[in-house]
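Have a look at the structure below, then the notes.
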Amino acid sequence: MRFYLRLALDGMKKNRQLYRPYLLTCIGMVMMFYILASLSFSPAILGMRSGDTVSIILVLGTIVIGIFSLLFLAYTNSFLIRRRNREFGLYNILGMNKGNISIIILLETLITALFTITAGVLLGILFSKLAELFLLRMSGADVDFLIRISPVSILASFIVFGAIFFLLLIVSLARVRLSNPLSLLKSEAAGEKPPKANLLLALAGVVILGLAYYFAVSIETPLSALALFFAAVIMVIVATYLLFIAGSVALCRILQKNKNYYYKASHFVSVSSMAFRMKRNGAGLASICILATMVLVMISSTGCLYFGSEDALRGMQPYDMTATVFMDSAASCTSENAEALRSIVLNETKGKEKNVAAYSFVETYGLLENGELDLDGAKEASYLTNSDPNILGKIRTVILISLADYEQLTGKRADLADDEILVWSSGKPYPFDKLTVKGCRELEVKDTLADPPVRVSTEDTIVTALIVVIPNWYDYAAELSGLDDERRDLSFVRQRIAFDLSDVDAAEDERLLDAISDAGDERIGADPDCGWLYVRTESYLSYKGFYYDLNGSFFFLGIVLSIIFIAAAALIIYYKQLSEGYEDHSRFAIMQKVGMTHAEIKSTINTQVLTVFFAPLLLAGLHLCFAFPFVEKLIRLFGVSNRAVLILSSVACFLTFALLYILFYRGTARTYFNIVSASENA
Amino acid sequence: MSILEVKDLKKVYTSRFGTQKVEALRCVNFSVERGEYVAVMGESGSGKTTLLNLLAALDKPTAGQVLLDGVDTGTLPEKNIASFRRDQLGFVFQEFNLLDSFTLEDNIYLPLVLANMSHAEMERRLKPLAEELGIADLLKKYPYEVSGGQKQRAAAARALITEPKLLLADEPTGALDSRATDELLSLFAEVNRKGQTIVMVTHSVKAASHATRVLFIRDGEVYHQLYRGNDSNEQLYQKISDTLTVLTTGGEIK
């Protein structure tokens with residue numbers, strides 16, 4: 001046994017160029033897994049205002065890391081095994097049977113697993129406090145400085161990664177069992193067929209990518225973006241793989257056909273070896289590209305969510321506080337009731353209120369087509385579950401207010417005959433000259449409004465919202481609510497008073513919310529026939545806490561996952577450089593003998609390596625540009641619609657990532673040049 | 001006038017820490033006339049490969065000179081050496097050294113492309129050469145698709161297409177079977193008949209017996225040489241064998 005142990009340790013030591021980064025990555029993944037797992041059970045996190053939600057987000061993140069670790073470590077492990085086949089073949093020829101070799105592999109895996117999991121958990125314990133402080137600070141919660149150890153998370157780390165290493169072990173053993181010693185010995189030197197250009201696949205890649213890009217830029221509403229997002233993501237992934245694997249080779253082949261281009265000293269060697277290089281590395285490069293895109297999209301969108309939280313909050317709660325009364329019928333929206341609501345509020349706010357807006361409204365939604373709004377159509381195609389972009393693009397939220405309220409809110413006068421209306425539309429101006437709710441009277445659009453008469457919450461503008469000002473509001477609202485009993489819940493009549501506050505802190509804010517809704521309930525209790533059903537109060541400050549918790553933890557998770565993905569991309573790059581180096585050295589030795597100068601060789605290497613490593617970065621950048629309209633609409637679902645912040649965070653992300661990438665490239669390129677030139681001297 | 005002159009050539013290898021010195025070439029003198037076909041023979045470790053590397057300017061001599069057409073290759077600056085090698089010399093190696101990522105055609109074009117020649121001119125040169133070497137039908141194939149003999153003929157085409165002053169061959173038949181060896185040797189003889197100067201390093205008696213002169217190297221020095229004169233290949237073969245027997249048994253040449 002000691003003999004096998006020595007062989008296993010020696011094997012790893014001899015291959016430290018391969019093993020060191022592998023071990024580091026394993027440790028990193030265990031560490032991140034432990035950190036996220038321990039945070040999701042941390043009392044400090046659970047004690048946050050929205051601790052439960054944050055905890056669920058973190059648990060989801062933990063699961064993502066677990067799955068990603070499995071996939072990624074399987075990839076690197078297969079690379080390691082392939083590189084070491086020669087060694088195992090030699091052992092086999094020297095008289096070891098496959099059982100003996102299996103023992104060595106078993107021991108190596110066992111050592112790797114024990115070492116990396118233990119180290120990962122220890123580092124995780126060390127850094128989890130840091131991560132916790134970071135997360136708590138981001139969401140603006142209180143922090144303490146107790147270091148906690150989470151036994152559950154330690155156990156989970158050992159179980160999950162133990163299982164992953166067990167699977168890797170099985171794969172490695174199966175590989176050794178299935179191969180014969182000669183092929184093990186030769187597996188690295190097997191003659192390689194020239195890459196065939198599969199034009200069809202290359203073309204498919206271009207078409208699919210074009211289609212995905214087209215979806216991205218032609219999308220109109222956030223909900224259709226949500227529906228198409230996953231389809232587009234899959235398409236981009238497929239297209240990226242096709243382009244790198246088939247497209248690159250096809251491109252090289254086309255260049256080779258152009259004799260005047262191809263037979264130039266600066267293109268000749270690069271183009272032809274590039275075809276081979278891409279055949280071998282296409283998948284790896286596509287993976288790098290996709291990891292890079294994921295990192296970029298994740299960080300820029302979660303970053304934008306976080307830094308745009310303020311904005312989002314204002315969008316969702318355009319007034320500091322809102323009190324809304326749900327009415328039993330339109331007829332109950334009397335000025336007496338409106339006055340009652342106003343006095344309840346003013347009684348509590350005691351002059352701290354500003355910009356008061358009080359109005360009655362009916363809110364509903366339907367499918368708008370040629371000026372006709374079909375409520376039933378929307379009922380069947382509930383806009384949260386339906387994914388047909390054709391339907392989603394036609395959904396309109398309609399907010400109906402009276403002409404009297406309009407004049408009182410804006411201070412402007414408007415002359416409207418019966419059945420004449422004013423329309424404001426979020427997004428593009430309302431395009432039709434009439435608006436008819438199916439089953440109700442036809443309404444003529446007298447004018448469209450440039451500004452909404454009240455501040456509109458972004459919740460209403462996820463789908464395009466219309467504010468309709470109508471003179472005989474009572475009749476029409478009654479008509480609407482009589483339309484369909486099933487839709488009563490959607491066409492509730494409401495009275496609302498919304499206002500800003502000055503000099504109100506969170507505690508006072510909370511007191512106000514409770515006091516107003518209590519006073520409302522009291523009135524309903526005293527006079528059940530007043531027409532009020534119930535009162536709902538909302539405030540900007542109460543949303544704020546929730547928002548920062550949520551977006552803070554999204555951003556945190558985005559950063560953690562990005563670190564993992566970047567580490568993975570880095571390791572792929574490193575292994576690529578290593579294997580390229582080994583394969584290139586003989587090639588460049590030949591070229592030198594045939595009459596290439598050192599400078600020429602160096603510049604060809606540079607061109608190739610640069611192309612190979614910067615193609616993924618550039619394509620990721622392009623993906624990011626086209627993902628922009630998608631992301632912009634998706635984050636609008638979370639209430640953030642600040643294009644400047646998104647552009648800023650995208651550009652910042654891309655530059656940071658590019659910088660990291662270049663630094664890492666330079667580091668690994670040195671390894672590569674060392675391998676290539678070392679063999680020249682030998 | 002001699003196309004190649006080697007004067008007092010000496011090469012000493014020093015181990016990495018300078019503690020041990022190995023004298024690969026002690027003092028080599030010989031010259032090659034235009035149109036000659038010279039075989040350099042010797043056992044492993046006799047300094048053959050070192051000599052070839054110095055002739056090819058792949059390595060710098062410790063002392064002495066290599067004059068190719070009057071130019072001292074040892075004094076050429078590094079940046080000119082590669083183009084000098086490309087324009088003046090052709091190489092054929094034991095292991096073919098074809099690039100697996102190129103078709104045979106592109107492998108042959110490689111030195112011309114590096115010399116920035118136009119594609120039309122390259123094609124003009126390749127056509128008769130490929131016919132002569134019998135690889136005209138194989139040009140679009142990749143090295144892994146053809147036999148060793150075919151690879152070596154492609155390598156020869158790559159060496160000859162630059163119309164070099166000197167063709168250097170390092171053990172060119174070492175990786176070939178006997179039929180391919182015969183084909184390649186008669187090919188070299190044919191090329192030589194048309195005026196190509198060849199220097200071939202080999203320890204194959206059969207390969208050497210095709211040359212017009214045979215140099216024997218032992219312990220880093222030219223020990224002996226044989227001229228073909230009017231001998232047939234078979235007669236030369238016999239003379240070489242005899243010489244080698246004497247050399248290896250340690251006797252003196254008469």
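The mean number of partner chain beta-carbon atoms within 10 angstrom of a residue's beta-carbon across peptide B:100-107 is 5. The eigenvalues of the Cα gyration tensor, multiplied by 5 and square-rooted, give segment B:1-130 an equivalent ellipsoid with semi-axes of 30, 18, 15 Å from largest to smallest.
Protein heavy-atom accessible surface, 1.4 Å probe, per residue over segment A:585-631: 35 Å². Taking amide H positions as modeled 1.01 Å from N, with prolines and chain starts lacking one, the residues under 5 Å from residue A:464 and 5 or more places away or on another chain are A:397. Counting Cα-Cα pairs of segment A:241-397 in 5 Å increments starting at 0 gives whole-percent bin shares of 2, 7, 9, 7, 7, 10, 9, 8, 7, 6, 6, 5, 4, 4, 3, 3, 2, 1, 0.
Here chain A has 63 percent of its accessible surface on carbon and sulfur atoms, given a 1.4 Å probe and all protein chains in place. Give me the distance between the Cα centres of segment A:139-162 and segment B:19-77, rounded to whole Å. Cα centroid of segment A:139-162 versus Cα centroid of segment B:19-77: 70 Å apart.
Protection proxy ranking, highest mean first, for peptides A:526-532, A:20-26, B:47-53, A:617-623: B:47-53, A:617-623, A:20-26, A:526-532, where packing is the per-residue count of other beta-carbon atoms within 10 Å, averaged. For the peptides A:89-97, A:271-279, the ranking by packing is A:271-279, A:89-97, with the highest mean count of neighbouring Cβ atoms within 10 Å listed first. Averaged over the residues of peptide B:108-114, the number of Cβ atoms from other protein chains lying within 10 Å of each residue's Cβ is 5. The mean number of partner chain beta-carbon atoms within 10 angstrom of a residue's beta-carbon across peptide A:587-594 is 6.
Where both bridge residues fall in segment A:321-503, DSSP classifies roughly 70% of the beta bridges as antiparallel. Charge dipole (Cα centre; +1 on Lys/Arg Cβ, -1 on Asp/Glu Cβ; no other charges) of chain A amounts to roughly 6780 debye. Counting only the Cα atoms, segment A:1-190 fills a convex hull of 121 Å³ per residue. Semi-axes of the equivalent ellipsoid for segment B:174-244, computed as √(5λ) from the eigenvalues of its C-alpha gyration tensor and ordered from largest down, come to 19, 14, 13 Å. In chain A, the DSSP beta bridges split such that about 75 percent are antiparallel, to the nearest 5. Taken one residue at a time, the phi angles of segment B:38-49 give Karplus couplings (6.51, -1.76, 1.60, θ = phi - 60°) of 10, 9, 10, 10, x, 7, 4, x, 7, x, 4, 5 Hz. Gly and Pro are set to x.
Over the C-alpha atoms of segment A:321-503, the Rg to Rh ratio, Rh being the Kirkwood estimate, stands at 0.97. Spin-label model, residue A:2/residue A:143: points 7 Å from Cα along the beta carbon direction are separated by 5.1 nm. Average accessible surface for segment A:465-566: 41 Å² per residue, computed with a 1.4 Å probe over protein heavy atoms with every protein chain in place. For a straight C-alpha distance cut-off of 14 angstrom, the aspartates and glutamates reachable from residue A:98 (same-chain residues fewer than eight places away being disregarded) are A:87.
Assuming charge only on the beta carbon of Lys and Arg (+1) and of Asp and Glu (-1), the dipole of segment A:321-503 about its Cα centre is about 600 debye to the nearest 20.
The fraction of Cα-Cα pairs per 5 angstrom bin, counted from 0 for segment A:513-601, comes to 3, 10, 9, 8, 7, 6, 6, 6, 5, 5, 5, 5, 4, 4, 3, 3, 3, 3, 3, 1, 0 percent, rounded to whole percents. For residue A:633, the lysines whose Cα comes closer than 24 Å to its Cα, not counting residues fewer than 8 places off in the same chain, are A:379, A:394, A:428, A:544. The convex hull drawn around the Cα atoms of the protein assembly as shown, when projected onto a plane and averaged over every direction, covers 52.2 nm². Mind jotting down the distance between the C-alpha centroids of segment A:292-353 and segment A:20-88, whole Å? Going from one Cα centre to the other spans 39 Å. Highest average first, the peptides B:211-221, A:411-421, A:440-450 ordered by how many other beta carbon atoms sit within 10 Å of their residues are B:211-221, A:440-450, A:411-421. When A and B come together, around 2400 square angstrom of accessible surface is lost from both chains combined, probe 1.4 Å. In the protein assembly as shown, if the dipole is taken from +1 on Lys/Arg beta carbons and -1 on Asp/Glu beta carbons about the Cα centre, which of A:603, B:103, B:133 is farthest to the positive end? Selected residue: B:133.
Helices in chain A that qualify as membrane-span-like (whole DSSP H runs, Cα extent of at least 24 Å along the helix axis, mean Kyte-Doolittle hydropathy of -1.0 or higher) are A:16-40, A:51-93, A:98-138, A:151-178, A:199-218, A:222-242, A:265-307, A:506-526, A:540-594, A:598-637, A:643-681. Restricted to Cα atoms, chain B shows a radius of gyration and a Dmax of 18.4, 57 angstrom. From its DSSP helices (H runs of at least four residues, each -39,500 (n - 2.57)), the protein assembly as shown gives a residue-normalised ellipticity at 222 nm of -20500 deg cm²/dmol.
The values are calculated or read from the model by the stated rules, or taken from the named source; none is laboratory data. Remember, it's a predicted structure, so these values are computed and weren't measured experimentally. Cβ sites come from the backbone with ideal geometry, for glycine too, and all protein chains shown count toward neighbours. Ligands, DNA and RNA are excluded from the accessible area calculation, which covers all protein heavy atoms including side chains. Shrake-Rupley method; radii C 1.70, N 1.55, O 1.52, S 1.80 Å.
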